[in-house]
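A.B. asks: Sharing a structure with you now.
The values are calculated or read from the model by the stated rules, or taken from the named source; none is laboratory data. Since the model is a prediction, treat every value here as computed from it, not as a measurement. A quick note on method: Cβ atoms are made from the backbone with ideal geometry, for glycine too, and the neighbour counts reach across all protein chains shown.
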Amino acid sequence: MNANALPELNKDEIKRYSRHLIMPEVGVDGQKRLKAGSVLCIGAGGLGSPAAMYLAAAGVGRIGVVDFDVVDFSNLQRQIIHGTKDVGRSKLASAKDRLLDINPHIQVDVYEESLTSENALRLFEPYDVILDGTDNFPTRYLTNDACVLLGKPNAYGSIFRFEGQASVFSTKEGPCYRCLYPEPPPPGLVPSCAEGGVLGVLPGVIGVIQATEAIKLLTGIGEPLIGRFMIYDALRMKFRELKLRKDPECPVCGTHPTVTTLIDYEEFCGLRPAVSEEQIAVATNAGSATEISAVELKARLDRGDQLKIVDVREPNEYQINRIPGSQLIPLGEIPRRYAELDPNDEIVVQCKMGGRSAKAADYLRSVGFKRVLNLKGGILDWVDKVDPSQPKY
Amino acid sequence: MATKILIPTPLRPYTDKQEAVEASGATIGELLTDLTTRHPGLKAHLYNEQGKLRSFVNLYLNDEDIRYLQKEATPVSASDTLSIIPSVAGGSR
């Protein structure tokens, strides 16, 4: 934007932003660019919290937040935009209050909806930078594709346990997320934060990297994280930088794109099979023979059925809650410890929510176990429906 | 000749929680064969049913994507480091 067309700063703003204004790299012009700038945060969670707070403090003129979740006690360990008093409120209401408390000079627009192929282009359109802080693959591919189609940069961040990744995707000259990962992993192969856990300060580091990149893009200063992939390991306190290339064969940003409109991302990520209803019915019936619900399991145990329960979570999770009589064999140890189990027994495998145990069940069947059932909904369903005296996590 | 391989957090359950392991081979393909022999649990995460490297797992030799080198035929030496970079989606909930 032409410097003459930039909005003026009033006296209060000049006082507030003085530590920016005295740096020549930002200065009055840079601060005005921030005021004229806008960032849309996808998600007001672990990454979106610190990112939006710093963007608000820095004076980004318009901040949008997309979320549809409600604040829960288990969010507070890392989602610092929300407080204990906000538990039960919508994340958007809580986030908006906090952002305007940090800086009343900015505009905060909230969108209480899940991001879909139908609304993404409309939601992204008014913003200069999109900040991807979601928690699932379909939304990440959707965000990427919408950014490429609209020509908007994506300040990307992703976290898992102690490790984070960050980059700036979808600029005109740089690679997009699909250049790096053309396809998503099949569902269940990569656990979510809810299953895998996350160190609370980790999204702080990664979210602030995303905010830093957004500020650099808006002000045009420094060397943006384009064509570079930053990997942060909190335990070893190491940053590594990998080279990214724009893939000429990329289906979205390549020279002959095959994806020119937004698609069905649930289907793309294998979460909703592109098959007929008949096939789904057959698959569901086949699936039901390999699963057991918490209530059924309790009934069968009460009846005295001989069931071997194998808990495939990690020992620290087993410390929190467990089904009485279960044996702990973490998923990663199954390939070398399955001999501890009797292939003739009827086995129920179980984890926190049912994802890891589904993998364990597949593995056991592949090595010849005939009667393996996966506990649907994992220990969480067991606690909800059978034994509410145990804690949940 | 042993080359260092950095294992990302999601795959550490399959390497006895080790963040770095060693494997031997003159090329990336040979390294991976040795790696998955030593740690069989990794195999399903690195290769698909057809025995091809999965497209959501990226391999970097030092800081370069092996897709832009000679892929699995890329020669390696003991001073190199191979990194496995899987896609992770976490961030919000």
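A.B. asks: Does at least one position in segment A:145-168 carry a residue that is part of a helix (DSSP H, G or I), within 13 Å of chain B (Cβ to nearest Cβ) and either under 27 Å from A:Asp97 (Cα atoms) or touching a residue at least 12 places away in the same chain (Cβ under 8 Å) (or both)? It would help to see each step written out before you state the result.
C.D. replies: Initial filter on segment A:145-168 (part of a helix (DSSP H, G or I)): A:145-150.
In the following step, the residues that additionally are within 13 Å of chain B (Cβ to nearest Cβ) were identified as none.
No, segment A:145-168 contains no residue that is part of a helix (DSSP H, G or I), within 13 Å of chain B (Cβ to nearest Cβ) and either under 27 Å from A:Asp97 (Cα atoms) or touching a residue at least 12 places away in the same chain (Cβ under 8 Å) (or both).
A.B. asks: Which of the residues belonging to segment A:103-131 are hydrophobic (A, V, I, L, M, F, W, C) and surrounded by fewer than 16 Cβ atoms within 10 Å (Cβ to Cβ)? First the steps, then the outcome.
C.D. replies: First pass over segment A:103-131, keeping only residues hydrophobic (A, V, I, L, M, F, W, C): A:106, A:108, A:110, A:115, A:120-121, A:123-124, A:129-131.
A:Leu121 - this is the single residue of segment A:103-131 that is hydrophobic (A, V, I, L, M, F, W, C) and surrounded by fewer than 16 Cβ atoms within 10 Å (Cβ to Cβ).
A.B. asks: Taking the options A:Leu40, A:Leu55, name whichever one is modelled with pLDDT of 95 or more and in a helix (DSSP H, G or I).
C.D. replies: On the way: A:Leu40 fails: in a helix (DSSP H, G or I).
The conditions single out A:Leu55.
A.B. asks: Just the residues that are facing chain A (nearest Cβ under 7 Å), of a type outside the set (Phe, Trp, Tyr) and surrounded by fewer than 19 Cβ atoms within 10 Å (Cβ to Cβ), please, taken from segment B:46-92.
C.D. replies: Residues satisfying the conditions are B:Ser55, B:Asp63, B:Glu64.
A.B. asks: Kindly provide the set of residues from segment A:17-37 that are part of a loop (DSSP other than H, G, I, E, B) and either within 14 Å of chain B (Cβ to nearest Cβ) or charged (D, E, K, R) (or both), ordered by number.
C.D. replies: Just the residues of segment A:17-37 that are part of a loop (DSSP other than H, G, I, E, B), to begin with: A:17, A:22-26, A:37.
Passing the criteria: only A:Glu25.
A.B. asks: Enumerate the pairs (first residue in segment A:73-99 and part of a helix (DSSP H, G or I); second residue anywhere and among the polar types (S, T, N, Q)) with beta-carbon separation below 7 Å, excluding pairs fewer than 6 apart on the same chain, so at least 6 apart or on different chains.
C.D. replies: A:Asp86/A:Ser94
A.B. asks: Just the residues that are surrounded by fewer than 17 Cβ atoms within 10 Å (Cβ to Cβ) and free of Cβ contacts under 8 Å to residues at least 12 places away in the same chain, please, taken from segment A:211-239. Can you show your working first?
C.D. replies: Of the residues in segment A:211-239, the ones surrounded by fewer than 17 Cβ atoms within 10 Å (Cβ to Cβ) are A:220-223, A:235-239.
A:Glu223, A:Arg236, A:Met237, A:Lys238, A:Phe239, listed by residue number.
A.B. asks: Still on this structure, please answer the following. Might you let me know whether segment A:8-22 holds any residue that is among the basic types (Lys, Arg) and touching a Ser or Thr at 6+ places or on another chain (Cβ under 7 Å)?
C.D. replies: At the first step, the residues of segment A:8-22 found to be among the basic types (Lys, Arg) are A:11, A:15-16, A:19.
From the residues that got through so far, the ones that are touching a Ser or Thr at 6+ places or on another chain (Cβ under 7 Å) too are none.
Scanning segment A:8-22, I find no residue that is among the basic types (Lys, Arg) and touching a Ser or Thr at 6+ places or on another chain (Cβ under 7 Å), so the answer is no.
A.B. asks: Residues that are in contact (Cβ under 8 Å) with a residue 24 or more places away in the chain: find the strands (runs of 3 or more DSSP E) completely inside segment B:10-93 holding 3 or more of those. Even if it seems obvious, please write down each step before you answer.
C.D. replies: On the way: elements: B:20-24, B:57-61, B:81-86.
In segment B:10-93, the matching strands (runs of 3 or more DSSP E) lie at B:57-61, B:81-86.
A.B. asks: Looking at segment A:309-325 only, could you name the residues that are free of Cβ contacts under 8 Å to residues at least 60 places away in the same chain and over 18 Å from A:Val386 (Cα atoms)?
C.D. replies: Matches in segment A:309-325: A:Val312, A:Glu314, A:Pro315, A:Asn316, A:Gln319.
A.B. asks: Restricting attention to segment A:41-60, which residues are away from chain B (no Cβ under 14 Å), buried (at least 19 other Cβ atoms within 10 Å of the Cβ) and aliphatic (A, V, I, L, M)?
C.D. replies: A:Met53, A:Leu55, A:Ala56, A:Ala58, A:Val60
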